[in-house]
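The values are calculated or read from the model by the stated rules, or taken from the named source; none is laboratory data. Worth saying up front: this structure is predicted, and the values here are computed from it rather than measured. Here Cβ is always computed from backbone atoms with ideal geometry, including for glycine, and neighbour counts include all displayed protein chains. Just the protein is used for accessible areas: all its heavy atoms, side chains included, with ligands, DNA and RNA removed. Shrake-Rupley method; radii C 1.70, N 1.55, O 1.52, S 1.80 Å.
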Amino acid sequence: MTGVITIGAGAPPGQLHRMLADLVERDRAAAVMAVRRAGIDLQAEAVRQVHATTPYPPVDTAALVRSFRHTATPDGCVVENTAPQAVWMEYGTRPHMPPLAPMVAWATRKARGGNVRSIMALARGAQMSIARKGTAPRHFWQRALVSAPGFMETRIRDALQRAVGP
């Protein structure tokens with residue numbers, strides 16, 4: 001399922017793997033906690049990436065941002081976005097004819113008190129644009145995952161320092 005990232009005290013690649021294995025050997029509970037904290041960091045980064053999307057962020061009703069979830073597992077955590085539109089926002093869509101009713105609701109929010117004629121024109125214009133071009137991918141998860149090894153390394157180094165002591 002797209003939109004779900006699982007982080008665990010398993011086998012990340014290279015140096016990060018060796019650091020995590022060392023921490024698991026010293027203190028498994030600390031390793032799991034470090035991975036869970038890295039998951040919280042990843043969730044925050046994904047939200048930041050949604051807001052940083054250009055040319056404009058996909059935050060019309062903020063449903064996409066509110067749908068990020070962080071769930072602890074025995075070995076780490078799962079970070080996911082449960083919004084139905086998350087997959088299409090991440091990867092974009094092919095050209096298709098969206099239904100008019102959601103487009104009118106969107107245009108009403110955007111027009112801020114515009115008349116019915118201008119709202120309908122905006123809705124139909126957006127509908128036709130999607131029918132011709134589809135929607136562009138936003139790649140907020142992809143951009144957030146680029147930072148994931150850094151989050152994990154920082155959290156694992158901190159936990160190793162605490163486990164080893166001063």
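For region 76-91, in order, what is each residue's ³J(HN,Hα) by Karplus, 6.51 cos²θ - 1.76 cosθ + 1.60 with θ = phi - 60°, in whole Hz (x at glycine and Pro)?
Values per residue, Gly and Pro as x: x, 6, 10, 10, 9, 10, 9, 5, x, 8, 4, 5, 5, 5, 5, 9 Hz.
Can you list residues whose amide H is under 5 Å from Arg138's amide H, if they're 5+ apart or on another chain and H is modeled 1.01 Å from N?
Long-range HN contacts for Arg138: Glu90, Tyr91, Gly92.
First compute the accessible area of region 118-163 with a 1.4 Å probe, then give the percent of it belonging to carbon and sulfur atoms.
58
Taking only DSSP H segments of four or more residues, each worth -39500 (n - 2.57), what value at 222 nm results for the chain once the sum is divided by all its residues, to the nearest 500 deg cm²/dmol?
Here the helix-only value at 222 nm equals -20000 deg cm²/dmol.
Work out how much length Leu100 to Trp88 would gain on full extension: take 0.36 nm times their residue separation and subtract the Cα-Cα distance, in nm to one decimal.
Extending this stretch completely gives an extra 2.5 nm.
Once you place label points 7 Å from the Cα toward the Cβ at Thr73 and Lys133, how far apart are they in nm?
My value for the distance between the label points is 3.8 nm.
Can you list residues whose amide H is under 5 Å from Thr73's amide H, if they're 5+ apart or on another chain and H is modeled 1.01 Å from N?
Answer set, sorted by chain and number: Val78.
Between [x] 18.0; [y] 15.8; [z] 18.7, which matches Kirkwood radius over Cα pairs in Å calculated for the structure shown?
After the calculation, the listed value that fits is [x].
Might you tell me the accessible area per residue for the chain, computed with a 1.4 Å probe and given in Å²?
Counting only protein heavy atoms, the per-residue value for the chain is 59 Å².
Pop the C-beta distance of Asn115 and Arg143 into the FRET formula with R0 = 45 Å and round what comes out to the nearest 0.05.
For R0 = 45 Å, the calculated efficiency reads 0.70.
Which of Gly92, Ala52, Pro102 sits farthest toward the positive end of the charge dipole of the chain, with +1 on the Cβ of Lys and Arg and -1 on the Cβ of Asp and Glu?
The Cα lying farthest towards the positive end belongs to Pro102.
Please identify the trypsin sites (Lys or Arg not before Pro) of region 76-166 that satisfy two criteria: DSSP loop assignment and at most 15 other Cβ atoms within 10 Å. Which are they?
Arg112
Kindly write out, for region 51-56 in residue order, the coupling ³J(HN,Hα) from the Karplus curve 6.51 cos²θ - 1.76 cosθ + 1.60 (θ = phi - 60°), rounded to whole Hz, with x marking Gly and Pro.
Residue by residue, region 51-56 yields 5, 8, 4, 10, x, 8 Hz.
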